[in-house]
Amino acid sequence: MMETGWITSTVADMRRAPDARSERVSQLLIFTHIEILEENQDWVYVRSPDGYKGWVKKGCVRLGTLPTPKWKVAKPWAQVREAKKGKPLGVLPLDTAFAGEKRQGKIVFLWPTGQRAYVEPCAAVPANWCGRIRDLLALAQSLMGIPYLWGGTTTFGFDCSGFVQRLFHFTFNVWLPRDSQEQARIGQKVFHLEDLHAGDILCFPGHVALYLGRKKVIHASGKFGQVMISKLDDPYLADLRKQFLFGVRTGIPIAQ
């Protein structure tokens, strides 16, 4: 029988094989529910909410389920403090979903250690909050400078598809596919740059970016090591522009 668990560390790496030296293929945020498919000594093979599979250290997983999340982090990071003394306990990255109650001007919840903790209300929005395209674009630009990280899906570091996936999940509460090749298979194809709309995903061989409009894209660039805005007519993007395959319009029915 398949078991259910949840992530207890701030960020848990998903590996291609049950080995810390194996390739990082994705990441999971704290409090994320996962399905446990297999065990191998100190590792568990899990399926994440987006359907992705990988190996996670057993020490990062606790069996069971958590209450339905009521909040999600709306800042790049939210400082977590002990409820009684205000001692720092850690941080929650953007889009971390958690159960908590508003009490005395704080959002109070249980930390994995069992301690009562809180975040400031300004750092979170209701878990069912959905935005618009303009919110997607504003969020993307607020994350400029976040480091590039192969397999990264959090504000500690993104790869190109992890960046796009996180933006869409926070803004619209939908999971896009995890990998760039799979993201290229969704939605409506747009084959000409002049027909792109802000919020479309630009697809290149092995790379994706978010179109901001006015010939600008924002992406997690492995070449430059960070989330950055690039102009499609910049000379240094000439090679990438020549490899442009098409844009993807996701079809999410959200107003501009």
Legend entry - Given (1) within 25 Å of PRO177 (Cα to Cα); (2) without any contact (Cβ under 8 Å) to a residue 60 or more places away in the chain, number of the condition PRO76 does not satisfy: (2)
Inset, instruction - Could you list, in sequence order, all residues of the range 66-119 that are of a type in the set (Asp, Glu) and under 21 Å from the mean Cα position of the chain (by Cα)? - result: ASP95
Legend entry - Residue among GLY90, GLY86 that alone is over 17 Å from HIS169 (Cβ atoms) and in a strand (DSSP E or B): GLY90
Inset, instruction - Please find, among VAL56, VAL61, VAL73, the residue that is surrounded by 20 or more Cβ atoms within 10 Å (Cβ to Cβ) and touching a helix residue (DSSP H, G or I) at 6+ places or on another chain (Cβ under 9 Å). - result: VAL73
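Residue by residue, here is whether (1) touching a Pro at 6+ places or on another chain (Cβ under 8 Å); (2) in the same structural domain as LEU167 (by TED's automatic domain parsing); (3) under 26 Å from ARG132 (Cβ atoms); (4) not hydrophobic (A, V, I, L, M, F, W, C) holds:
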position: VAL190; (1), (2), (3), (4): no, yes, yes, no
position: GLU194; (1), (2), (3), (4): no, yes, yes, yes
position: GLY199; (1), (2), (3), (4): no, yes, yes, yes
position: CYS203; (1), (2), (3), (4): no, yes, yes, no
position: GLY213; (1), (2), (3), (4): no, yes, yes, yes
position: HIS219; (1), (2), (3), (4): no, yes, yes, yes
position: LYS223; (1), (2), (3), (4): no, yes, no, yes
Inset, instruction - Answer yes if at least one residue in the range 169-177 is more than 15 Å from HIS219 (Cα to Cα) and surrounded by fewer than 15 Cβ atoms within 10 Å (Cβ to Cβ), and no otherwise. - result: yes
Inset, instruction - Kindly state which strands (runs of 3 or more DSSP E) lie completely within the range 1-77 and contain at least 1 residues that are β-branched (Val, Ile, Thr) and closer than 22 Å to ALA99 by Cβ. - result: 3-7, 11-15, 33-40, 43-47, 53-57, 61-63, 71-73
Inset, instruction - Scan the range 29-68 residue by residue and report those that are aliphatic (A, V, I, L, M) and touching a Phe, Trp or Tyr at 6+ places or on another chain (Cβ under 9 Å). - result: ILE30, ILE34, ILE36, LEU37, VAL44, VAL46, VAL56, VAL61, LEU63, LEU66
Inset, instruction - Please indicate, with yes or no, whether at least one residue in the range 141-148 is modelled with pLDDT of 95 or more, under 17 Å from VAL11 (Cα atoms), assigned by TED's automatic domain parsing to the domain that holds VAL164 and not aromatic (Phe, Trp, Tyr). - result: yes
Inset, instruction - Inspect all residues belonging to the range 192-214 and state whether any of them is modelled with pLDDT under 95, more than 24 Å from THR155 (Cα to Cα), in contact with an Asp or Glu (Cβ under 9 Å, 6 or more places away or on another chain) and among the basic types (Lys, Arg). - result: no
Legend entry - Any pair with Cβ under 9 angstrom, 6 or more apart, that starts in the range 103-116 at a residue that is closer than 15 Å to LYS87 by Cβ and assigned by TED's automatic domain parsing to the domain that holds LYS84 and ends at one that is basic (Lys, Arg) and outside any strand (DSSP E or B): GLN115/LYS84; ARG116/LYS84
Inset, instruction - Identify, from the list THR153, THR96, the residue that is touching a Lys or Arg at 6+ places or on another chain (Cβ under 6 Å) and at pLDDT 95 or above. - result: THR153
Legend entry - Members of the range 212-242 found to be assigned to a loop (DSSP other than H, G, I, E, B) and closer than 18 Å to GLY162 by Cβ, listed by number: GLY222, LYS223, PHE224, GLY225
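The values are calculated or read from the model by the stated rules, or taken from the named source; none is laboratory data. No experiment lies behind these values; they were computed from the predicted model shown. Quick reminder, even Gly has a Cβ in these numbers, built from the backbone with ideal geometry, and neighbours come from all protein chains shown.
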